[in-house]
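Trainee: Provided herewith is a single structure, encoded as structure tokens, for subsequent inquiry.
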Amino acid sequence: MFDGAEQSLARMSWWPRFKEELEVARIRIPGVQIVVGTLVATILVMWLLSALTGSALFSVLGLGVPLAVRTAIKAKLNRARNAFAEQLADNLQVCASALRAGHSFIGALSVVVEDSAEPSRTEFRRVVADEQLGVPLEDALEVVVRRMANRELEQVALVASLQRDTGGNSAEVLDQVTETIRDRAELKRLVRSLTAQGRMSRWVLTLLPVGLMLAIAVLNPEYIAPLFDETLGRVMLVGAAIMITA
């Protein structure tokens, strides 16, 4: 079943990107098992909600299963990418020091691989391996830029390309890039601190109507029944869902 499902999914345009995200997030479960398991769990939850409540309208809440799975994968993916971004400045500083010690650029990246933590070690090891297989260094770095969604690393790819074409003091340029990355990281932390209350309010205002509806449905089903039994009530529910999503 999994083999047949994977052959079908391989024709989807989003499938390679999904598998790459699982790899970056260091999720060991095969992607096809996650997709099939999520589909089965969604159908089961929708059936249970419909059977327990006696209303097919409640079964729509089962669509929250794939949303929850996707949210969990994205959260782990973002943690990996944020860890890479936090480590990048220190790794570039090690790279610049290795360049000053006489290493080539790829040799300096090899030193970074030896000294860095995950996920940086795996990603830079991929760059070194690709370069040894004949892939231009800037192209190998561009792959990591895409995987880590890290625009700062594009500057490192540019430095590698310039050193190959024109030479120059790459260590000094990397020092400037490192300083810029540290300044931008500090600014991002400040913005997250200033917007923390607003982001928390977003979740409270989003979940409060849903939680209140479920609580009333349990405590006083007759009070909320018109929302599900009458046409106007269903229209109001759809409108409320659209407003919450917006």
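The values are calculated or read from the model by the stated rules, or taken from the named source; none is laboratory data. Just so it is clear, the model here is predicted, and its values are computed rather than measured. As a convention, Cβ positions derive from the backbone with ideal geometry for all residues, glycine included, and neighbour counts pool all protein chains shown. Protein only, heavy atoms only, side chains kept; ligands, DNA and RNA dropped before computing areas. Shrake-Rupley method; radii C 1.70, N 1.55, O 1.52, S 1.80 Å.
Trainee: Please enumerate, by chain and number, the aspartates and glutamates with C-alpha under 20 Å from the C-alpha of Lys76, excluding those fewer than 8 residues away in the same chain.
Mentor: Glu20, Glu21, Glu23, Glu86, Glu118, Glu123
Trainee: Per residue of the stretch 188-193, what does 6.51 cos²θ - 1.76 cosθ + 1.60 with θ = phi - 60° give for ³J(HN,Hα)? Whole Hz please, x for Gly and Pro, Karplus curve as stated.
Mentor: 4, 5, 5, 5, 5, 5
Trainee: Ok, one more. If the cut-off is 12 Å between C-alpha atoms, which aspartates and glutamates fall inside it for Lys19, apart from same-chain ones fewer than 8 positions away?
Mentor: Hits, sequence-local ones excluded: Glu6.
Trainee: Taking the Cα atoms only, what angle lies between the long axis of helix 231-245 and the longest principal axis of the chain, rounded to 10 degrees?
Mentor: The two axes meet at around 20 degrees.
Trainee: How large is ³J(HN,Hα), in whole Hz, for each residue of the stretch 196-205 in order, when computed from phi with the Karplus curve 6.51 cos²θ - 1.76 cosθ + 1.60 and θ = phi - 60°, using x for Gly and Pro?
Mentor: Per-residue couplings from phi come out as 4, 5, x, 5, 5, 4, 4, 5, 5, 5 Hz.
Trainee: On to the next question. How large, in percent, is the carbon and sulfur part of the accessible surface of the stretch 1-97 at a probe radius of 1.4 Å?
Mentor: On the way: 3780 of 5870 Å².
Ligands and nucleic acids excluded, carbon and sulfur give 64 percent.
Trainee: Now a separate question. In the stretch 6-141, with Lys and Arg counted as +1 and Asp and Glu as -1 at Cβ, which of these residues, Leu44, Val65, Met12, has the Cα nearest the positive end of the dipole, that is, farthest along it?
Mentor: The listed residue farthest towards the positive side: Leu44.
Trainee: Applying the Karplus parametrisation 6.51 cos²θ - 1.76 cosθ + 1.60 with θ = phi - 60° to the phi angles of the stretch 105-116, what ³J(HN,Hα) value in whole Hz is obtained for each residue in order, glycine and proline being reported as x?
Mentor: 5, 5, x, 5, 5, 5, 5, 4, 4, 5, 9, 8
Trainee: Would you mind calculating the relative contact order of the stretch 112-223 from Cα pairs under 8 angstrom and at least 6 residues apart, reporting the percent as a whole number? Mind showing how you got there, number by number?
Mentor: Details: 48 pairs, mean separation 13.6, N = 112.
Relative contact order of the stretch 112-223: 12 percent.
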